[in-house]
Amino acid sequence: MSVLAEVTGSLGSIGYGLAAIGPGIGVGIIFGQGVQAIARQPEAYGLIRQNMLLGFVLTEALALIGLVAPFMFGQ
Amino acid sequence: MPAMSEKKIRPEDDGRDFANAAWSIPSYLLSGMILYGGAGWLLSKWTGVVAFTPIGLILGVALAIYLVYRKYGR
Amino acid sequence: MSTLTLLAPGDEFTPPGLELFDTPPIIPGVDWFTKPVLLALLSTVIVVAFCWSAFANPKIVPRGVQNVAEVGYMFVRDQVARPFLGKDADRWMGLLLSIFFLVWVWNLMGVIPVVQFPVASHIAFPVVLALSIYVLKVYLGIKHQGAVGYFKNMMFPPGLPKPIYVLLAPIEFLSNLIIAPFTHAVRLFANMFAGHIILAFFSLVGFWFLFEKLTPLGAPLGVVGVIMTIAMTGFEMFIQFLQAFLFAMLAAMYIGNSLHAEH
């Protein structure tokens, strides 16, 4: 079987680039919706802030795991 | 620590809590990963079992998330 | 400029790499006096001259330079100092104003036409600033909360169940004392480094396909390169301002956290 296409070079950086798409969109949605919620109901600011930060930390965790995945899964 | 939503906040301190939280969250995640991931890596070099490194990393992430939850999410 | 002379003999487009940041000494004998050093000194002179001409003889009704400088002062005071330092803000305005203007002028050197080298893209410059803020932060924390109290307040925030402290105290310690200054410096460095490479890349695309090797197929690519250079320069100027603001804001946050313990 002959090779049709091949990716050479730094696979880790390509992997991280792809892995950063999801958390980037996720963080954008979290804070975008959070700001909208604050605009609609300013007196709920404390509650919204708590939930925003919780959502942010969970999403950011995925981005940082993507950063170390090349080292975790070996060469 | 009283829940963040009930505490009376002076106007000058209002931005502080959020800014503190927002900047320390990635910092906690990174340091949890480095600390427990590094410990896992050292352990795997010592025992030879390669699996300890990712276990340590995930443990560090989980602990950091728990720390953020207890500190900022209540 | 030196990259283009490197590129001229070749036949294929090679994107700029790390050689963008190799700066030879300006005066042949003096090894340490390179372009970034000259630009850093120039930035210092600019900031000092600006603030001196604005604030040396302040009038009640500001005119000219004082007017502009007062806008900058109010921005730093209301957005950077007061949210984090509260009542002590006026004491620290000198430091924060200097940091903000200095870092902003450093960054602006990256888009000024003949100069075109952001000083912060050499890691030494942000590291020195971040390190001095770090030393100040630890010193103030120990002075205001006592040596034991500072680390206790930092590593053991109240309100968590006891067994968790064993696992979480090292994370807090590492995060506050090692990750924080590191990210403080690297954030500024990485942004300026990447921005410089982006600008150089698109300018080189434009120049190569429009002047060096003008071909009918390559000319539109060159035009795209020129358009992208203009767009990225605008974006880069915004990022430069933002990074200067962030650097000063984080400095104020670290100092504020040391002065009043986090509750």
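Does region A:4-11 include one or more residues that are buried (at least 16 other Cβ atoms within 10 Å of the Cβ), without any contact (Cβ under 8 Å) to a residue 60 or more places away in the chain, part of a helix (DSSP H, G or I) and within 23 Å of the chain's Cα centre (by Cα)? No, there is no match, as no residue in region A:4-11 is buried (at least 16 other Cβ atoms within 10 Å of the Cβ), without any contact (Cβ under 8 Å) to a residue 60 or more places away in the chain, part of a helix (DSSP H, G or I) and within 23 Å of the chain's Cα centre (by Cα). Checked against (1) more than 7 Å from every other protein chain (Cβ to nearest Cβ); (2) modelled with pLDDT of 80 or more; (3) surrounded by 13 or more Cβ atoms within 10 Å (Cβ to Cβ), B:Leu29 passes all but condition (1). The set of residues in region C:129-157 being within 12 Å of chain B (Cβ to nearest Cβ) and either in contact (Cβ under 8 Å) with a residue 60 or more places away in the chain or within 28 Å of the chain's Cα centre (by Cα) (or both) consists of C:Met154, C:Pro157. The residue list C:Leu188, C:Leu174 contains one member that is in contact (Cβ under 8 Å) with a residue 12 or more places away in the chain and either more than 19 Å from C:Val138 (Cα to Cα) or surrounded by 18 or more Cβ atoms within 10 Å (Cβ to Cβ) (or both), which is C:Leu188.
Does C:Asn107 meet the test of being more than 14 Å from every other protein chain (Cβ to nearest Cβ), among the polar types (S, T, N, Q), surrounded by fewer than 13 Cβ atoms within 10 Å (Cβ to Cβ) and out of contact with any Ser or Thr (no Cβ under 7 Å at 6 or more places or on another chain)? Write out each step before concluding.
Values: more than 14 Å from every other protein chain (Cβ to nearest Cβ): yes; among the polar types (S, T, N, Q): yes; surrounded by fewer than 13 Cβ atoms within 10 Å (Cβ to Cβ): no; out of contact with any Ser or Thr (no Cβ under 7 Å at 6 or more places or on another chain): yes.
No: the conditions fail for C:Asn107.
Scanning region C:214-252 for residues that are surrounded by 15 or more Cβ atoms within 10 Å (Cβ to Cβ) and free of Cβ contacts under 8 Å to residues at least 12 places away in the same chain turns up just one, C:Gly218. Are any residues in region C:204-263 in contact with a helix residue (DSSP H, G or I) (Cβ under 7 Å, 6 or more places away or on another chain), more than 30 Å from C:Val138 (Cα to Cα) and not in a helix (DSSP H, G or I), and if so, which ones? Answer for region C:204-263, where residues must be in contact with a helix residue (DSSP H, G or I) (Cβ under 7 Å, 6 or more places away or on another chain), more than 30 Å from C:Val138 (Cα to Cα) and not in a helix (DSSP H, G or I): just C:Gly218.
In region C:115-139, which residue that is of a type outside the set (Val, Ile, Thr) and either touching a Gly at 6+ places or on another chain (Cβ under 7 Å) or assigned to a loop (DSSP other than H, G, I, E, B) (or both) is surrounded by the fewest Cβ atoms within 10 Å (Cβ to Cβ)? Among them, the one singled out is C:Gln116. When region C:30-52 is filtered for residues that are assigned to a loop (DSSP other than H, G, I, E, B) and either crowded, with 16+ Cβ neighbours inside 10 Å or within 16 Å of the chain's Cα centre (by Cα) (or both), only C:Thr34 remains.
Condition check: more than 19 Å from B:Met33 (Cβ to Cβ), at pLDDT 90 or above, exposed (fewer than 10 other Cβ atoms within 10 Å of the Cβ) and not acidic (Asp, Glu). Does A:Ala39 satisfy that?
yes
Can C:Phe55 be described as among the aromatic types (Phe, Trp, Tyr) and either crowded, with 16+ Cβ neighbours inside 10 Å or under 21 Å from the mean Cα position of the chain (by Cα) (or both)? So C:Phe55 does not fit the description; no.
The values are calculated or read from the model by the stated rules, or taken from the named source; none is laboratory data. The shown structure was predicted, so the numbers you read here are calculated from the model rather than taken from an experiment. Cβ coordinates were reconstructed from backbone atoms using ideal geometry, including for glycine residues, and neighbour counts include every protein chain displayed.
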